[in-house]
Structures are given as structure tokens and as C-alpha cells.
Amino acid sequence: MTIWDWSYVWEALPYLSLGAIVTVEATLFGFAIASILGLVFALIRQSRNRYVSTAMAEVVEFIRSTPLLLQVFFIYFVGPEFGMFIPAWIAGVGMLGVHYAAYCSECYRAGIETVDGGQWEACTALNLSPQRSWRAIILPQAIPPIAPALGNYFVGMFKDTPILAAIAIPEMLQRAKNFGGENYRYIEAITMVGFFYLVFSLVASAIVQAVSFWLNRRYHLQ
């Protein structure tokens with residue numbers, strides 16, 4: 001029995017490609033949720049109402065302090081006991097986004113706090129509305145410095161997608177395990193999955209660096 005058999009590679013490739021599509025889709029949708037919801041969390045943390053700000057801080061800390069797998073299990077398996085019957089895809093990708101939103105919110109908050117206080121005073125002096133102040137003045141200065149950290153969370157989310165297999169979402173690693181079990185050959189399929197994760201992570205990291213450099217140049221932060 002040979003250690004590596006290329007015939008199994010070509011046989012597994014179409015099957016794993018379907019899982020790769022699911023993995024990439026879950027990452028993109030999950031990060032879209034995380035980036036938007038994380039900003040909402042951060043803005044609520046900036047509320048002048050101490051009770052609202054504290055409550056949001058506790059929610060973020062709770063999400064960050066509990067395992068992602070436990071959160072996915074709870075929403076999918078425990079949810080029906082409370083009348084919440086959520087499809088596996090929505091439950092898995094949704095919790096992936098919510099979990100990483102808690103981390104992204106801390107990035108946003110750190111970026112917001114780096115904005116000089118004089119910028120807030122200038123917005124008040126110009127009689128800008130809060131919405132316009134945030135959109136035109138504060139966020140364009142707060143986001144570029146934290147782009148690399150947000151990109152790291154994007155890559156981290158991609159590497160966490162195998163957790164979705166726990167609720168029967170056929171992502172790439174789950175398909176590799178199924179293929180190995182059916183053919184009694186795991187090395188080719190698992191190795192291909194590892195190679196895909198490596199390539200995607202390297203490419204995503206390069207894109208994040210390029211985007212970060214572009215943002216810093218655009219907003220004259222370098």
C-alpha cells in the first residue's frame with residue numbers, strides 16, 4: 001500500500017471543491033456579519049448612558065469568554081426547546097459572525113479611542129450632526145489603523161469554519177473525513193484540505209496588508 005496515491009487526489013478533488021465553496025461562503029457571510037455587528041457593538045459601548053455601555057460590555061465579554069462550539073451547539077440544539085428552529089446554515093454562520101463580532105468590536109473601540117479629542121471638538125464647533133461626525137470624521141480615522149487586526153480575525157474565522165461540521169454543514173474538512181471514511185484513505189484528502197487552508201490564509205493575509213497600506217495612504221496616516 002503506497003503512502004500517497006494520486007488517483008485518490010483526483011477522485012477527491014471535485015468532492016472537496018464543493019466543501020471549499022461552502023467554507024469560503026461561510027467565511028465571507030460570517031465576516032460580513034462580524035464587521036457590521038462589531039461596529040454596532042462598539043458604538044453602543046460609546047454610549048453616554050452608563051447602564052447601556054456597561055450592559056454592552058458585559059455582553060461582549062460573555063461572548064468572548066465562551067467557546068464558539070458551545071455557542072453553535074446552544075443555538076442549534078437548545079434553541080428548539082425555546083421555539084427557535086433555526087436552519088443549520090443560518091445558525092452556524094450566524095453564530096460564527098456574532099462570536100467574531102465581539103472581537104471586532106474591541107478593535108473598533110480601540111480605533112475610536114485613538115482619534116484625537118480635538119476631532120470631536122471640531123465636529124461640535126462645526127455643528128455637525130452625530131451621524132455625520134461619525135461617518136465623515138471619526139470612522140475614517142479610526143478604521144485604517146485597525147484594518148490589520150480585522151484582517152487577522154477574518155483569517156481566524158476561516159480557520160474556525162470546521163466547527164460548522166458539528167451541526168452537519170458539509171464544509172471542506174467534513175467532506176475530507178467522509179471521503180476518507182468511504183475509501184479508507186485519509187492522507188490525500190486531509191493533506192489537500194490543509195494545503196487549501198494554508199494557501200487561502202497566505203493570500204488573505206497579503207490582501208489584508210495591501211488594503212491596510214491603501215487605507216493608510218488614502219487617509220494620510222503614513
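Side notes on the structure shown:
- When region 184-215 is filtered for residues that are part of a helix (DSSP H, G or I) and touching an Asp or Glu at 6+ places or on another chain (Cβ under 8 Å), only Glu188 remains.
- Selection of region 59-76 for residues being in a helix (DSSP H, G or I), open to solvent by 30 Å² or more (accessible area, probe 1.4 Å) and without any contact (Cβ under 8 Å) to a residue 60 or more places away in the chain yields Val59, Glu61, Phe62, Arg64, Ser65, Leu70, Phe74, Ile75.
- Selected residue [of a type outside the set (Val, Ile, Thr) and open to solvent by 50 Å² or more (accessible area, probe 1.4 Å)] from Asn178, Asn183: Asn178
- Of the residues making up region 41-53, those that are touching a residue at least 60 places away in the same chain (Cβ under 8 Å), open to solvent by 60 Å² or more (accessible area, probe 1.4 Å) and either farther than 17 Å from Thr114 by Cα or among the polar types (S, T, N, Q) (or both) number 1.
- For region 153-161, the criterion of being buried (at least 17 other Cβ atoms within 10 Å of the Cβ), among the small types (Gly, Ala, Ser) and in a helix (DSSP H, G or I) is satisfied by no residue at all.
- Selected residue (only one of Leu139, Leu164 is crowded, with 19+ Cβ neighbours inside 10 Å and part of a helix (DSSP H, G or I)): Leu164
- Candidates in region 192-218 are the residues that are at pLDDT 90 or above and over 20 Å from the mean Cα position of the chain (by Cα); of these, the one that is surrounded by the most Cβ atoms within 10 Å (Cβ to Cβ) is Met192.
- Region 1-23, residues that are touching a residue at least 40 places away in the same chain (Cβ under 8 Å) and under 24 Å from Met95 (Cβ atoms): Leu18, Gly19, Ala20, Val22, Thr23
- For region 84-136, taking the residues that are in a loop (DSSP other than H, G, I, E, B) and touching a residue at least 24 places away in the same chain (Cβ under 8 Å), the one that is least open to solvent (accessible area, probe 1.4 Å) is identified as Val115.
- The lone criterion from (1) under 28 Å from the mean Cα position of the chain (by Cα); (2) open to solvent by 50 Å² or more (accessible area, probe 1.4 Å); (3) among the hydroxyl-bearing types (Ser, Thr, Tyr) left unmet by Thr27 is number (2).
- Within region 1-24, the set of residues being open to solvent by 20 Å² or more (accessible area, probe 1.4 Å), of a type in the set (Val, Ile, Thr) and more than 17 Å from the chain's Cα centre (by Cα) comprises Thr2, Ile3.
The values are calculated or read from the model by the stated rules, or taken from the named source; none is laboratory data. Because the structure is predicted, anything quoted here is derived from the model rather than measured. Positions of Cβ are generated from backbone atoms using ideal geometry, with glycine treated the same way; all protein chains shown enter the neighbour counts. Quick note on the areas: whole protein, heavy atoms, side chains included, nothing else; ligands and nucleic acids left out. Shrake-Rupley method; radii C 1.70, N 1.55, O 1.52, S 1.80 Å.
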